[in-house]
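In what follows, a single structure is set out as structure tokens and then discussed.
The values are calculated or read from the model by the stated rules, or taken from the named source; none is laboratory data. Computed from a predicted model, the values in this text were never measured in an experiment. Positions of Cβ are backbone-derived with ideal geometry, glycine not excepted, and every protein chain shown enters the neighbour counts.
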Amino acid sequence: MKAKQVEEMIGAGLADARVQVESGDDSHFEALVIATEFESLGKIQRHQLVYGTLGNLVGQEIHALSIRAYSPEEWAALQAAQNG
């Protein structure tokens, strides 16, 4: 499975999300997901939402998925802190 396919699936499941997925081997993926749905959720709940967009592919075609999930406000604050 290609990173772009994973990116599209997450984006389809979280309609307003900004999604970026990378993979070096098409089975281990790193996802950055920024979505308003995350605003009132904890880390585990955010990850569950992302996993839910991929269905049973996780553990099969998607061997591993690392997720960084932020609300738009959290992402903006992180970017501001990094850019000083």
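Cβ-Cβ contacts under 6 Å between residues 6 or more apart (or on different chains), taken from a first residue in the range 55-84 that is under 15 Å from Lys43 (Cα atoms) to a second residue that is assigned to a helix (DSSP H, G or I), are listed as Ile67/His47; Ile67/Val50; Ala69/Phe38; Ala69/Arg46; Ser71/Phe38. Entry remark, the range 1-37: residues being over 11 Å from the mean Cα position of the chain (by Cα) and either without any contact (Cβ under 8 Å) to a residue 12 or more places away in the chain or within 22 Å of Trp75 (Cα to Cα) (or both) number 11 in total.
Residue by residue, here is whether (1) loosely packed, with under 13 Cβ neighbours inside 10 Å; (2) touching a helix residue (DSSP H, G or I) at 6+ places or on another chain (Cβ under 6 Å); (3) in a loop (DSSP other than H, G, I, E, B); (4) among the hydrophobic types (A, V, I, L, M, F, W, C) holds:
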residue	(1), (2), (3), (4)
Ser40	yes, no, yes, no
His47	no, no, no, no
Ser66	yes, no, no, no
Ala76	yes, no, no, yes
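Which residues, taken from the range 39-60, are within 11 Å of the chain's Cα centre (by Cα) and of a type in the set (A, V, I, L, M, F, W, C)? Passing the criteria: Leu49, Val50, Leu54. Taken over the range 1-19, the criterion of being part of a helix (DSSP H, G or I), β-branched (Val, Ile, Thr) and either at pLDDT below 95 or within 15 Å of Ala35 (Cβ to Cβ) (or both) is satisfied by Ile10 alone.
Here is the figure for the range 21-38: residues that are in a strand (DSSP E or B) and surrounded by 15 or more Cβ atoms within 10 Å (Cβ to Cβ) total 8. The combined condition, being at pLDDT 95 or above and either in contact with a helix residue (DSSP H, G or I) (Cβ under 9 Å, 6 or more places away or on another chain) or not in a strand (DSSP E or B) (or both), is not fulfilled by Gln82. If you check Glu22, Glu74 for being touching a strand residue (DSSP E or B) at 6+ places or on another chain (Cβ under 7 Å) and modelled with pLDDT of 95 or more, only one passes: Glu22.
Check the range 50-60 and report whether any residue there is assigned to a loop (DSSP other than H, G, I, E, B) and either surrounded by 12 or more Cβ atoms within 10 Å (Cβ to Cβ) or in contact with a strand residue (DSSP E or B) (Cβ under 8 Å, 6 or more places away or on another chain) (or both). No; the residues of the range 50-60 include none that is assigned to a loop (DSSP other than H, G, I, E, B) and either surrounded by 12 or more Cβ atoms within 10 Å (Cβ to Cβ) or in contact with a strand residue (DSSP E or B) (Cβ under 8 Å, 6 or more places away or on another chain) (or both).
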